[in-house]
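Notes follow once the structure below has been shown.
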Amino acid sequence: MQLGALLPLGDIGGDPATAREYAQTVEAIGYDFIEAPDHVLGANEASAPEGGRTGAGLYHDPFVLFGLLAGCTSKLGFSTGVLILAQRQTVLVAKQAACLDVLSGGRFRLGIGVGWNEVEFTGLNENFHNRGRRSEEQVQVMQALWAEPHVSFKGKWHTIEDAGINPRPASGRVPVWFGGHHERTLPRIAKLGDGWMPNAYPPDQTALDVFAQLRRLTEEAGRDPAKVGIEVWVSMGTGTEADWAKGDAVLESGRRIASLSDDDLQPPPPQAHPGTYDERSSHRIAPLPFGGRRPALGLPQLRAHDDVGLPSAA
């Protein structure tokens, strides 16, 4: 298990000295990774379709942020939670992720989601309405570019003619974790993913059922379910210190979830409590293969609920 923390820019600010001090302190305390969300454009509150849900908070570009922090830490892992992949150019993300992996010494995990804010897709000249399907092909393209020096790829949305990126990850891969809970998310994880970052299931049979479904789909895809990680969390934005002290039970639950085995599956911690980004913090539990090391336990502040895909994405 590993412990991690979300970088709470909304609480502490985003100047370089603060970000550096936070990362170094987290590492010195003994945490294993930090996580950062992603937005490129934020809507004006006055014109946003949903008040209070604009994506307009403080968000550093994760690749730039982690590049800075990788240079002033030595062991700390880095994860996007999540990068809105479908609003970005695929080959460029593959290049950025590979460079970050190389410069950090294999300490990067790419968490991806399909997003919810159409304003961003419009501003970045990307199609909001096919973002789920397109992101699946994006992962295939990136994994090919990381694995081989030269790639020929012809898909529905991507064409590469005998070309490649340099540098590539030393391991030939960057771990890709999917966020979201659309009906197509589980098959995509089973086929392509290294892990899942869900946010929609309470600690009851509902969660056990969906974990069992992911296990079955992973086996049907010819892959080992024990190599597919899961992140879950419990809100610390509500309740009392006595409630938070129940964390020991949460950690034990997470350890038993980690392998996705039939014997070990247990309910996750309680579902994150709705609220603003700055109000919420959480236990996060994740078998996290940074640099080939797994399993992992995370204890960061909760990512914004906005950072995962809408159920309408296909």
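No lab work stands behind these numbers, since they all come straight from the coordinates. Everything quoted here is computed from the prediction, not taken from an experiment. Backbone-built Cβ (ideal geometry, glycine too); neighbour counts: all protein chains shown.
Observations
- Filter on LYS154/LYS227; LYS156/LYS227; LYS95/LYS191 - keep pairs with C-alpha separation over 25 Å: LYS154/LYS227; LYS156/LYS227
- Summary of the geometry: region 78-123 and region 144-161, compared by the centres of their Cα atoms, lie 18 Å apart.
- With neighbours defined as other Cβ atoms within 10 Å of a residue's Cβ, the residues SER79, SER104, SER152, SER135 order from fewest to most as SER152, SER104, SER135, SER79.
- Summing charges over neighbours of ASP61, with a neighbour being any other residue whose Cβ is under 11 Å away from its Cβ, gives 0 when K and R count +1 and D and E count -1.
- Footprinting exposure proxy for ASP204, ASP162 (fewest neighbouring C-beta atoms within 10 Å first): ASP162, ASP204
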